[in-house]
Amino acid sequence: MSDADGGVEYFTTLETHLLSEILYDHLHINSKQFEMLLKLGAIYIDSQRQTKDGWILSGSLLRIHTSPRRYKTDYDWNSLVIFENDFCLVLNKPSGIPSHPTADNALENALTQMGLTRKTTLFITHRLDTLTSGLIVYGKKQSFVKSFNIQLQKRLVKKNYVALIETTSKIPNRLTHYMSPALGVPKKLSSSAQEGWALCELEILEQKEISTTTAWVKINLLTGRTHQIRAQLSHLHAPVVGDLLYGSKITATDNSICLRSQHLSFDCNGETLDFNLPDKFN
């Protein structure tokens, strides 16, 4: 069985064979392609990601991401570290790379690359969209991850973003929408509550006109849904500059949109940590 749109192949093995031989026989995947898929973590057996070749028992269910999405990783990752202590690491994530492993690529993401650079295990605490740049915090200890998650639930973590948007109309000071639980993007919103739809809230702290077609806004994110800021602004016909998925008519640089996680404040082992990035776009 195949998922043509996602480049995913599913099948059950009928005999015990080496994984590499099975993929060559079924999908004509050669040794070079096989090594690449293994390296990226794009091969699963019975829902477990595989990292090496080996004997696969008859009746095993295979899932192969034959065309994994690829991302730029050749950054000076050390230079992007804003702060680090024994509990956490704060990174200025580039635009165009996921903040964590994806189903088809466990290697080319900020979490993995930063862990490899620092030669340590890091843990995800929150997420930034692939196209969103800026401040993200990774845990170095599970105790910090637990503490950070509690702070998120209690809305004690302060997260401000800046964006360039395609509008000159005044955006309301507070935006409240409801996001469909349906998978996939772009995300669908409603202005009224719907059963099973997730609450999305943010505040517009400041807005400045930049040109006859664009404005700069500072945003206080109150809830953290996937694509929330992008979807809410698009819902008001004010898409983020460069965000073609949500209706932008302006193309930004490759794999980027004009949305940045600019301010982050949270408690770490009893100490309040506060970080800021520049709020202007080039």
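Across the chain, C-alpha contacts under 8 Å between residues 6 or more apart give a mean separation that, scaled by the residue count, equals a relative contact order of 15 percent. Cβ crowding within 10 Å ranks Ser20, Ser58 as Ser58, Ser20, fewest other Cβ atoms first. Ranking of Asp46, Asp86 by neighbouring Cβ atoms within 10 Å, starting from the fewest: Asp86, Asp46.
Legend: ranking of residues Lys52, Lys39 from fewest to most surrounding C-beta atoms inside 10 Å; resulting order Lys52, Lys39. In this structure, the residue pairs whose Cα-Cα separation is over 25 Å, taken from Lys119/Lys218; Lys141/Lys280; Lys93/Lys170; Lys187/Lys208; Lys93/Lys140, are Lys119/Lys218; Lys141/Lys280; Lys93/Lys170; Lys187/Lys208. Which shape class, rounded, prolate or oblate, goes with segment 184-282 when its Cα gyration tensor gives a ≥ b ≥ c as root eigenvalues, a/c under 1.5 marks rounded, and past that a/b bigger than b/c marks prolate? Judged from the Cα gyration tensor, segment 184-282 comes out oblate (a/c at least 1.5, b/c at or above a/b). What percent do you get for the relative contact order of segment 1-112 when only Cα pairs under 8 Å and 6+ apart count? Across segment 1-112, relative contact order equals 27 percent. Can you tell me the 0 to 90 degree angle between the C-alpha axis of helix 31-40 and the longest principal axis of the chain, rounded to 10? The helix 31-40 is inclined about 40 degrees to the chain.
For the chain, what does the alpha-carbon gyration tensor say about shape, rounded, prolate or oblate, given a ≥ b ≥ c as the root eigenvalues, a/c under 1.5 as rounded, and a/b over b/c as prolate? In terms of gyration-tensor shape, prolate.
Read the figures in this text as sums done on the coordinates, not as results from a lab. Note that the structure is a prediction, hence the values are computed from the model and not measured. We place every Cβ from the backbone using ideal geometry, glycine too, and count neighbours over all the protein chains shown.
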